[in-house]
Amino acid sequence: MKKTYHGSCHCGAIRYEADIDLAAGTGKCNCSICTKTRSWGAIVKPEEFRLLAGEEALGDYQFGTLSGHHHFCKTCGVRPFGRGYVEQIGGAYVSVQVATLDDVDPQELIDASVHYSDGRNNAWWNSPAETRHL
């Protein structure tokens with residue numbers, strides 16, 4: 001069931017709300033950026049995400065195919081969400097970092113299933129052989 005959550009970066013410069021169904025699952029990827037930042041996201045459609053404050057505080061990092069914008073707060077460095085377009089996952093998306101949700105009950109995160117993606121080999125539809133480090 002979708003629920004509206006509120007989230008932010010550490011310093012509060014960036015604030016957002018998003019309609020997320022955590023019971024539908026979350027994701028972790030083994031690509032270089034996700035591994036190094038220990039990314040744990042929930043994918044939503046752009047219309048299910050609303051940036052409430054901080055557009056001017058957003059930094060943007062892209063690499064590889066340039067299909068994703070890895071946003072971060074220019075002040076505190078926290079990465080609250082990313083956005084982009086990947087046809088294989090349904091087109092336009094926003095990936096909300098669930099660790100930046102301010103009003104989530106920890107039990108909801110414990111109960112959320114996690115799908116592991118093999119981004120390191122550009123095969124996101126497959127799970128990598130090893131996931132314990134993600």
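When the accessible area of the chain is computed with all protein chains present and a 1.4 Å probe, what percentage of it is carbon and sulfur?
Details: 4010 of 7520 Å².
Carbon and sulfur together cover 53 percent of it.
If I model a spin label as a point 7 Å beyond the Cα along the Cα-Cβ vector, how far apart are those points for LYS3 and CYS76 in nm?
In this crude spin-label approximation the distance works out to 2.1 nm.
Rg and Dmax of the stretch 6-78, using alpha carbons, in Å: what are they?
My reading of the Cα-based Rg and Dmax gives 12.8, 32 Å.
So what's the back-of-envelope 222 nm ellipticity for the chain, counting only DSSP H runs of four-plus at -39500 (n - 2.57) apiece and dividing by all residues, rounded to 500? Don't skip to the answer; put the middle values down first.
Values: 2 runs with 12 residues, N = 134.
Result for the chain, helices only: -2000 deg cm²/dmol.
Evaluate the distance, in nm, between pseudo-label points positioned 7 Å from the Cα of LEU109 and of TYR61 along their respective Cα→Cβ axes.
A separation of 2.0 nm, rounded to one decimal place.
In nanometres, what is the gap between the two model label sites at ILE89 and SER127, each 7 Å from Cα along Cα-to-Cβ?
1.8
To the nearest 20 Debye, how big is the dipole of the chain about its Cα centre, given +1 on the beta carbon of each Lys and Arg and -1 on that of each Asp and Glu? Please list the in-between numbers first.
Working: 13 positive and 16 negative charges, 89 e Å.
Charge dipole of the chain: 420 debye, to the nearest 20.
Largest first and in whole Å, give the semi-axes of the chain's equivalent ellipsoid, each being the square root of 5 times a Cα gyration tensor eigenvalue.
Values: eigenvalues 92, 64, 41 Å².
Semi-axes, largest first: 21, 18, 14 Å.
So for the stretch 35-100, taking the charge dipole from beta-carbon charges (+1 Lys/Arg, -1 Asp/Glu), which of TYR61, PHE49, VAL78 sits furthest toward the positive end?
Most positive-ward Cα: VAL78.
Top to bottom by accessible area (1.4 Å), largest first, where do ASP102, ASP21, ASP60 land? It would help to have the intermediate numbers written out before the result.
Working: ASP102 100, ASP21 45, ASP60 80 Å².
Solvent-accessible surface, decreasing: ASP102, ASP60, ASP21.
The values are calculated or read from the model by the stated rules, or taken from the named source; none is laboratory data. Note that the structure is predicted; figures quoted are calculated from it, not measured. Heads up, the Cβs are rebuilt from the backbone with ideal geometry, glycines too, and the neighbour counts pull from every protein chain shown. Areas reflect the complete protein model, heavy atoms only, side chains present, ligands, DNA and RNA absent. Shrake-Rupley method; radii C 1.70, N 1.55, O 1.52, S 1.80 Å.
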